[in-house]
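A short reminder: the numbers here are calculations on the coordinates, not readings from a lab. All of these numbers come straight from a predicted model, not from anything done at the bench. With ideal geometry, Cβ positions are generated from the backbone for all residues, glycine too; neighbour counts draw on all protein chains shown.
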Amino acid sequence: WIRTKEMSDSESDALPLGYTPITTYSIIEPFFKVVKEKNMKMRTRFAPSPTGYMHIGNLRTALYCYLIAKHDHGDFILRIEDTDQQREVEGAIDLIYQVMEETGLHYDEGPDIDGGVGPYIQSQRLDIYHEYAQKLIDLGGAHYCFCEGELQWPWPDLWRCGGACERQVCAGHAYRHR
């Protein structure tokens with residue numbers, strides 16, 4: 001079982017048999033080690049959805065991503081997860097920018113700061129995803145879904161049923177039926 005730096009002997013001894021104390025430190029520190037050893041640059045992404053307003057949970061996630069990236073002078077990236085456009089709340093994207101600015105969580109790349117690997121708005125990446133979905137189909141790693149359910153995805157020819165069927169047929173919705 002894993003023993004972490006944050007736990008004293010009495011704390012770890014008090015755990016019931018079979019329990020593994022896992023903390024943020026025990027999960028992230030080995031990753032930092034690999035990044036340093038391979039001389040890699042840390043890149044983290046915060047991807048809020050504008051289907052509601054920013055809340056404390058969003059802010060906590062953004063803070064963690066920011067701190068992890070900045071731990072070793074890495075990049076903190078903002079990507080807007082806007083694919084659920086039917087539920088998008090008017091003004092939510094502007095509020096995301098405002099909250100990030102007011103809290104000092106300055107991102108290195110995002111919709112308004114190009115880092116060369118955009119686009120940073122999810123709905124603008126659909127062509128990229130379509131290309132890789134087609135490659136998976138061509139390689140036999142996925143196949144078309146011919147279910148008769150309601151169309152739920154921007155590519156009806158690749159993901160037709162939106163998970164409405166009982167068959168596990170296509171990459172993308174099969175995991176929903178497990």
With label points built 7 Å along Cα→Cβ from the Cα atoms of Ile128 and His143, find their separation and express it in nm. 3.0 nm
What distance in nm separates the two pseudo spin-label positions at Tyr97 and Tyr53, each 7 Å out from Cα along the beta-carbon direction? 1.8 nm
Cα gyration tensor shape for segment 77-130, rounded if a/c is under 1.5, else prolate or oblate: oblate
By how many nm would the segment from Asn39 to Val117 lengthen if fully extended, with 0.36 nm per residue of separation less the alpha-carbon distance? 26.1 nm
